[in-house]
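The values are calculated or read from the model by the stated rules, or taken from the named source; none is laboratory data. Quick caveat: nothing in here was measured; it's all calculated off a predicted structure. Positions of Cβ are backbone-derived with ideal geometry, glycine not excepted, and every protein chain shown enters the neighbour counts.
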């Protein structure tokens, strides 16, 4: 392989470029094509009131190894940091309460675990769930349908949906169990008779104190910058790849006003873009990707005066029936010690799948709506020192019923085309570690081809 194209410059794309460089050596040309004005995708660090602040993904799961390993491998270990002891809260039934423990993505291991969130009737429904007939999943099932049928609506509306909204910008009714909460599905497949029993089997009886999340001082954009520095790719931003054609040897990328021929292509773009590019090359994969829907959202970042009475909590999740515009707030200066020096930084998240609502507002109105929600939740009305609105149109894929089957069809079809690979959040997880894992696997597929170069380290 002398020239490999990486289409998409998010964390999946830049990780893939880094892995490709390790596998192909300095003699190969690696070109990253990015339709936007900068690399990083959903990792976006901006300056807010003089501080580096993430307005996309703000953390990664530290209990998966991929992100932590990549941070260390790229020499950024000294920037690694973890949240403070501040606890998260939830707005449920018009009240703000501590986020309950003892659940698996909101599915309780006991009725007592969620007693503080639910009404008496809601607690009764949860307590009665183990007495229902045993759970039968089949190939897959809508998470909302399953949970509402066994626990009632209240648990879903007050707890499960807010948690899922923070990850997918979508609710339980549109998400499939097997791709969204695979551990729960696995516990049922292994013989758990009820969802309560399945959740209880997955909840640790003791904690090791190991942090759940991590981030980087200076922002997660520093990881993107370091990967690009080490990968040494040719970077072409503001460059839309409009089409992809398979040649007798290699591929042709059709740009707006030119064509580029390459030996191999690694796609690291959202599902709609991947579908369009694969339409003539791998139509089976394109048809499968057409089933993946997307949600849009926005992050409204606020820099408040240092004396603003922001609660001593890491943030608050908000149910869809609470009557507020925002679906969550992160009190970043409480959550992260390195951001507790200067203005108090807060971010509000807006947007749920299928409900554009406030996203139709312009930036000034969106800031006003989010500030009104913040005042309702905390009483804080201080005028911001600085604001930043980041919109993520179609930013989050929805893992619907049968998503694992969709991904299997995509990957089988792509695997039949030498020199072609695919990575990204539409496949095996929307978080940073999952994206890194798909990028590593995709790069390995290209570099392990006969005569391509050294195999990518696992």
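The set of residues in region 43-80 being part of a helix (DSSP H, G or I) and over 14 Å from the mean Cα position of the chain (by Cα) consists of 65, 66, 68, 69, 70, 71, 72, 73, 77, 78, 79.
Criterion applied to 374, 396, 366, 420 was being modelled with pLDDT under 95 and touching a strand residue (DSSP E or B) at 6+ places or on another chain (Cβ under 7 Å), and the one residue passing it is 396.
All of 166, 171 fail the test of being under 17 Å from residue 328 (Cβ atoms) and surrounded by fewer than 24 Cβ atoms within 10 Å (Cβ to Cβ), apart from 166.
The C-beta contact set for region 16-32 (first residue closer than 19 Å to residue 425 by Cα, second residue at pLDDT below 95, distance under 7 angstrom, 6+ apart or interchain) comprises 19/456. What pairs come out if I take residues in region 361-384 that are not assigned by TED's automatic domain parsing to the domain that holds residue 345 and pair them with residues that are modelled with pLDDT under 95 and assigned to a loop (DSSP other than H, G, I, E, B) whose C-beta lies under 8 Å away, six or more apart or interchain? Every condition considered, no pair remains. On inspection, residue 116 fails the criterion of being in contact with a helix residue (DSSP H, G or I) (Cβ under 9 Å, 6 or more places away or on another chain) and either at pLDDT below 95 or closer than 29 Å to residue 147 by Cβ (or both). Looking across region 308-339, the residues that are on the phi < 0 side of the Ramachandran plot, outside any helix (DSSP H, G or I) and without any contact (Cβ under 8 Å) to a residue 60 or more places away in the chain come down to 325, 326, 329. Of the set (1) modelled with pLDDT under 95; (2) in contact with a strand residue (DSSP E or B) (Cβ under 6 Å, 6 or more places away or on another chain); (3) closer than 28 Å to residue 43 by Cβ, all apply to residue 202 but (3). Quick check, is residue 140 more than 19 Å from residue 317 (Cα to Cα), within 23 Å of the chain's Cα centre (by Cα) and surrounded by 14 or more Cβ atoms within 10 Å (Cβ to Cβ)? Yes, satisfied.
The numbered conditions (1) in contact with a strand residue (DSSP E or B) (Cβ under 8 Å, 6 or more places away or on another chain); (2) without any contact (Cβ under 8 Å) to a residue 40 or more places away in the chain; (3) crowded, with 19+ Cβ neighbours inside 10 Å are all true for residue 271 except (2).
A count restricted to region 226-242 and to residues that are surrounded by fewer than 23 Cβ atoms within 10 Å (Cβ to Cβ) and either more than 24 Å from residue 27 (Cβ to Cβ) or touching a strand residue (DSSP E or B) at 6+ places or on another chain (Cβ under 6 Å) (or both) stands at 8.
When the residues of region 143-154 are filtered to those that are surrounded by 16 or more Cβ atoms within 10 Å (Cβ to Cβ) and over 23 Å from the mean Cα position of the chain (by Cα), the one that is nearest to residue 95 (Cα to Cα) is 154.
Every residue, every condition in (1) more than 26 Å from residue 445 (Cα to Cα); (2) touching a strand residue (DSSP E or B) at 6+ places or on another chain (Cβ under 6 Å); (3) surrounded by 19 or more Cβ atoms within 10 Å (Cβ to Cβ), yes or no:
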residue	(1), (2), (3)
36	yes, no, no
40	no, no, yes
46	yes, yes, no
79	yes, yes, no
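Among the residues of region 27-42, are any over 30 Å from residue 210 (Cβ atoms), in contact with a helix residue (DSSP H, G or I) (Cβ under 8 Å, 6 or more places away or on another chain), assigned by TED's automatic domain parsing to the domain that holds residue 428 and in a strand (DSSP E or B)? Yes, because at least one residue in region 27-42 is over 30 Å from residue 210 (Cβ atoms), in contact with a helix residue (DSSP H, G or I) (Cβ under 8 Å, 6 or more places away or on another chain), assigned by TED's automatic domain parsing to the domain that holds residue 428 and in a strand (DSSP E or B).
Of the helices (runs of 4 or more DSSP H) lying entirely inside region 124-221, not one contains at least 2 residues that are over 14 Å from residue 107 (Cβ atoms), out of contact with any helix residue (DSSP H, G or I) (no Cβ under 9 Å at 6 or more places or on another chain) and not assigned by TED's automatic domain parsing to the domain that holds residue 68. Total residues in region 186-206 satisfying the condition of being under 29 Å from residue 349 (Cα atoms) and surrounded by 22 or more Cβ atoms within 10 Å (Cβ to Cβ): the figure is 1.
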